[in-house]
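The values are calculated or read from the model by the stated rules, or taken from the named source; none is laboratory data. Quantities reported herein were computed from a predicted structural model and do not represent experimental measurements. Backbone-built Cβ (ideal geometry, glycine too); neighbour counts: all protein chains shown. Remember, those area values only see protein heavy atoms, side chains included, never the ligands or the DNA or RNA. Shrake-Rupley method; radii C 1.70, N 1.55, O 1.52, S 1.80 Å.
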Amino acid sequence: MNPSLRLLPEERRRYRRHQFWSDHGIFREWFYANFHEMAPGVFRSAQPSPRQLRLWHKRHALRAVLNLRAPAPREPHYRLEQEICDATGMQHIVLHGFGSRDLPEKERLLAAMDLLTELPKPFLLHCKSGADRAGFMSVLYMHLVLQQPIAEAQKQLRLWPFGHIRHANTGILDWFFASYRQALGNEPGLTLRHWVERDYDRDALLKSFRPWYRLDWLTDRLLRRE
């Protein structure tokens, strides 16, 4: 590890307090890490603590971590994760531009699709809760890389066991795939990548989506999805 990247003991304690209390780590560490193996060597989870990440690296020989949270090199969760990755030799790959209640710009989405084909296995992908962005990226991976039918791959966006709420504003992620499937029904053989390159209109999809606003308080205020 580069000595300049190593945290001082007091920094590490301060960052852990922040992660545990302010970043809702108490729930992820004590109750539900949302850790799942989607396919051999392909894992998804909520934001791991340093102890969890070390344990999963040891148990599953992880080679890389795909971090879907906004790149924030000064944020406690980022610094703690980077330190563990440096110490264990895992690649720490950060992919930004994805939200739980939003859709990515076309170029970011295409770049993410390319990245998924290059990830070294075994790997872990995660967001904050492991429910929405991790689910969206898992659908892409299962469909694009593992060639799973899109209807089957979409099972990575479910309430149980992942915690994804499709009727709230987080359902915009489901709407993306539903729109592709509608186009596929009209044009059999249309690939997801071709649809994104040719027909994906982020603004139009955002405007056409209608969530159940009564559930938005759950994702926005109680769960505080990013």
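Exposed loop chymotrypsin sites (Phe, Trp or Tyr not before Pro) only (DSSP loop, at most 15 other Cβ atoms within 10 Å): please give the longest stretch of the chain free of them, not including the sites. Looking at the chain, 33-211 is the longest stretch - no exposed chymotrypsin sites (Phe, Trp or Tyr not before Pro) with at most 15 other Cβ atoms within 10 Å.
Potential lengthening of the chain between W21 and H96 amounts to 24.6 nm, from the contour at 0.36 nm per residue minus the alpha-carbon distance. From largest to smallest, the equivalent ellipsoid semi-axes obtained for the chain from the alpha-carbon gyration tensor read 31, 20, 15 Å. The label-point distance for K106 and A183, in a model that sets each label 7 Å from Cα toward Cβ, rounds to 0.9 nm.
Report, for the chain, the % of DSSP beta bridges that are antiparallel, rounded to 5. Counting only bridges with both partners in the chain, antiparallel ones make up about 20 percent.
Loop-only check: which trypsin sites (Lys or Arg not before Pro) in segment 1-88 are DSSP coil with at most 15 other Cβ within 10 angstrom? Those that pass, being in a loop and sparsely packed, are R6, R74.
Identify the residues of segment 43-83 with backbone N under 13 Å of a label point that sits 7 angstrom from the Cα of H36 along the Cα-to-Cβ direction, or state none. Inside the label zone: 43-46. Which residue, Q148, Q182, Q19, tops the fluctuation ranking in a GNM of the chain built on C-alpha contacts under 10 Å? Among Q148, Q182, Q19, the largest GNM mean-square fluctuation belongs to Q182. At a probe radius of 1.4 angstrom, the accessible area of the chain per residue rounds to 51 square angstrom. Could you compute how fast segment 20-135 diffuses translationally, taking Rh as the Kirkwood radius over C-alpha pairs and applying Stokes-Einstein at 10 °C with viscosity 1.306 mPa s? Give it in µm² per second. For these conditions, the coefficient is 111 µm²/s.
If the label point is 7 Å along Cα→Cβ of R6, which residues in segment 59-95 have backbone nitrogen under 14 Å from it? Only 83-84, 86-88 fall inside the zone, counting backbone N under 14 Å.
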